Amino acid sequence: MSGSHGPFPWWLPVARRPGRRVLLGLILVLGGLLLSQAARPAAGAVTPLPAVPPDGRFGIVHISYADGGSPLRQTSPAVWYGQAVEAGARWNRWALYWTDVERAEGQFDYSRVWATVRADRERGLEIDAVLLGTPGFYATAGALAVAAPRLTDRRAVLAVQGGDLSVLRSPVSAASSPPRNLYAPIFADGTDSYAPGKPPNPSNPWARFVWRTVSEFKDHIKHWEIWNEPDFSLFWSGSVADYVRLLKVGALAARAADPQARILVGGMMYWEWANRTGTEHAWLRAFLDELARDPEAPRYGYYFDIIPWHFYSRPSDLYDRIRSAQALLAQRGVAGKTLWVNETNAPACGEPPAFVSCSDPNYKGAATLEEQAAFVIQAFAYGLAAGLERVFVFQHYDDGNGEAFGLFRNDGSPRPAYVAYQVAARYFGGFFAVSRQPLGTVERIIFGTPQGKVTVVWSRTDSPATVSLPAVTTTARVVESDGTSQTVTAQNGLYTLTLAPATNNRSFTGDPRDFIIGGRPRLLVEEPPPDSQPPTSRVLPLPAQTTSPFTVRWSGEDPGGWGVMDYDVEYQDLTAGTGWQRWLTATPATAATFSGQTGHTYRFRVRARDFRNNLEPWPPDPGDAETTVVGALPPSTAGGLIQNGGFEGDPALLDQTWRRSG
């Protein structure tokens with residue numbers, strides 16, 4: 001395969017569609033040129049919104065490529081850059097392939113990369129540059145005759161996500177192998193000891209390549225991703241220990257060239273290790289184990305600043321798996337790291353280049369055009385609520401991809417997903433508060449933004465739903481995923497919305513009840529007046545004596561404001577003489593179960609935060625409520641004890657943590 005963005009090697013089995021391998025391979029080799037315009041679905045119904053202000057949380061993969069644009073695009077650079085900027089994207093992600101810039105040992109040519117870097121930066125785009133691809137003369141394993149994997153190669157990723165590991169039996173490219181002399185000293189003085197400006201060891205090709213590349217572009221690129229999908233054996237054939245060494249060498253060499261460089265772990269595809277082992281975050285656990293064996297890793301911040309993932313077809317993964325990753329990192333003591341998802345989407349069925357029918361039961365993980373648009377909004381909402389710093393949609397155009405991931409077809413016509421991206425960027429952009437507060441089978445995520453309070457809701461099941469949302473204004477706008485809107489009026493302090501059912505059960509589990517993408521999302525946009533007053537809250541009275549565990553309840557209100565978003569709750573053990581201890585942080589729940597020691601007296605206090613990010617001060621001592629735990633209650637009081645074993649409301653609410661900025 002030639003070029004940096006051509007089709008996936010035709011010999012790789014096409015996941016889920018074995019009957020189409022030869023036909024699809026032929027289509028891809030011809031670059032889609034044999035597809036008639038008459039066969040393409042009409043795009044006239046898709047009307048992009050006016051330009052959306054750019055937001056640094058929003059990115060798109062392959063707005064451009066390191067060596068220019070895809071030859072399959074039928075539009076000019078001015079057009080495709082304009083489309084990305086008007087979507088509200090501020091970030092581009094592309095690969096700088098080592099194989100493309102060092103074609104002979106020690107000889108580097110960055111001329112084509114410079115053209116892309118200048119074009120990106122002139123449009124105000126920040127760059128996530130991925131460094132990968134071992135040149136054949138440095139390879140330590142693999143087949144030289146097998147084409148190097150490219151970031152556009154997603155079909156095998158989806159196959160492995162579905163549990164089909166047979167694609168991994170294909171020969172692995174030499175470009176995926178650890179480079180020669182990776183374990184040689186990083187620096188020219190024969191050590192691995194970092195210092196700004198220190199030259200690399202010329203006998204360590206990877207150290208030299210990273211140092212040269214970062215030195216070349218340090219005034220324009222600050223974010224460097226060390227390889228792509230090191231947890232996927234088609235991209236990285238070395239061990240986890242080899243990757244940790246690759247990361248260490250790359251990070252220290254990059255920072256020697258530019259002390260301001262920010263280092264990303266290679267974006268993880270997640271599923272190969274998870275499906276092999278049955279363990280969540282299996283590769284991440286092994287990676288952290290290897291880092292723990294390096295006594296110098298804490299000194300250098302574990303050699304990374306940012307850790308990204310690639311999640312496809314199920315938008316809730318951007319919440320559930322990110323939250324569990326945050327917990328794992330905290331458990332291992334790796335603190336202060338930023339999390340991204342720098343690839344996400346669902347391929348559209350019934351679309352070029354493959355035109356696989358949406359009724360094909362073997363096309364797992366795919367989406368109709370409307371479902372793909374719903375995925376985009378839901379992925380951004382979930383990811384931002386989970387605390388991701390940035391989310392990138394894969395990708396701008398179809399280019400040489402075997403499936404329809406593009407926000408645009410190669411002829412330049414937009415898919416509904418492009419407008420959905422604009423809707424997400426326009427209404428979630430610039431948010432300063434966000435909270436996930438599901439309502440039974442309805443997903444609800446609420447943003448405090450410069451535009452006002454934005455609540456996005458959708459049905460998670462195949463049943464339509466009606467949801468009533470508390471109003472902070474008398475009128476609001478309901479915005480659809482295609483950007484159209486209507487004004488609605490609150491009735492009795494509530495807005496009532498009807499929600500379409502989820503329709504996408506093309507899950508990799510094969511369970512027809514597993515709806516991987518929710519129903520069509522709707523946004524309720526309220527524009528309350530400026531609010532600088534914090535809400536008020538209190539812990540409700542507790543009995544003088546109780547048994548353990550017991551339920552603590554609290555309430556809050558924000559009259560005339562944007563509404564209470566969440567609460568922080570603290571307790572004090574008076575018997576042990578401890579100060580105030582944090583119990584719950586940023587929870588929207590209004591009750592929870594507390595376990596105390598017999599004979600100890602506890603005090604509780606609460607403070608509330610609203611969607612304008614106004615935070616109530618803690619109440620003065622002695623707090624709000626107090627109780628003593630006893631071994632057993634007198635018969636006259638035992639009947640009044642709450643023994644429901646948990647807090648009130650959706651169980652998903654108790655463990656939420658919300659990210660606020662600005």
(request) Find the relative contact order for the range 435-526 and round it to a whole percent, using C-alpha pairs within less than 8 Å whose residues are 6+ positions apart. (result) 32 percent
(request) Evaluate the charge dipole of the range 435-526 about its Cα centre and quote only its size in Debye, nearest 20, assuming +1 on the Cβ of each Lys and Arg and -1 on the Cβ of each Asp and Glu. (result) 120 debye
(message) Which one, S237, Q545, G266, is farthest towards the positive end of the dipole of the chain when Lys and Arg carry +1 and Asp and Glu -1 on their Cβ?
(response) S237
(request) Can you find, among P464, T598, A354, the residue farthest towards the positive end of the dipole of the chain? Put +1 on the C-beta of Lys and Arg, -1 on that of Asp and Glu. (result) A354
(message) Once you place label points 7 Å from the Cα toward the Cβ at S193 and A632, how far apart are they in nm?
(response) 7.0 nm
(request) Using DSSP, restrict attention to beta bridges with both residues in the chain and report what percent are antiparallel, rounded to the nearest 5. (result) 65 percent
(request) May I have the convex hull volume per residue, in Å³, for the Cα set of the range 320-380? (result) 111 Å³
(request) Please report the relative contact order for the chain, taking Cα pairs under 8 Å with a sequence separation of at least 6, and give it as a percent rounded to a whole number. (result) 11 percent
(message) Within the range 377-403, name every residue whose backbone N is under 18 Å away from a label modeled 7 Å from Cα of D360 along the Cβ vector.
(response) 398-403
(message) Applying a 10 Å radius around every beta-carbon, put 376-382, 486-492, 361-367, 390-396 in order of their mean neighbour count, most first.
(response) 376-382, 390-396, 361-367, 486-492
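What is the Cα radius of gyration of the chain over 2.2 N^0.38 Å, N being its residue count?
1.03
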(request) May I ask for the angle, rounded to the nearest 10°, between helix 416-428 and the longest principal axis of the chain, with both axes built from Cα atoms and the value confined to 0 to 90°? (result) 50 degrees
(message) Tell me the volume per residue, in Å³, of the convex hull enclosing the alpha carbons of the range 435-526.
(response) 103 Å³
(request) Show which lysines lie in cross-link reach of K337 when reach means a straight Cα distance below 25 angstrom and same-chain residues fewer than eight apart are skipped. (result) K218, K222, K248
(message) At 222 nm, what value in deg cm²/dmol follows for the chain if DSSP H runs of at least 4 each add -39500 (n - 2.57) and the sum is divided by all its residues, to the nearest 500?
(response) -6500 deg cm²/dmol
(message) Please report, in whole Å³, the volume per residue of the convex hull around the C-alpha atoms of the range 246-300.
(response) 89 Å³
(message) Taking the Cα centroid of the range 115-173 and of the range 339-401, what is the distance between the two, rounded to the nearest whole Å?
(response) 19 Å
(request) Could you work out how far the C-alpha centroid of the range 537-591 sits from that of the range 457-482, in angstrom? (result) 30 Å
(request) Positive end of the charge dipole of the chain (Lys, Arg +1 and Asp, Glu -1 on Cβ, about the Cα centre): tell me which of A608, Y65, T441 has its Cα farthest that way. (result) Y65
(message) Per 0.36 nm of contour for each residue apart, how much would the distance between V79 and T496 grow if the chain were fully extended, relative to their Cα-Cα spacing?
(response) 146.1 nm
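Readers should treat all values here as calculations from the given coordinates under stated rules, not as data from a laboratory. Owing to the predicted nature of the structure, the values given are computational and were not obtained by experimental measurement. We place every Cβ from the backbone using ideal geometry, glycine too, and count neighbours over all the protein chains shown.
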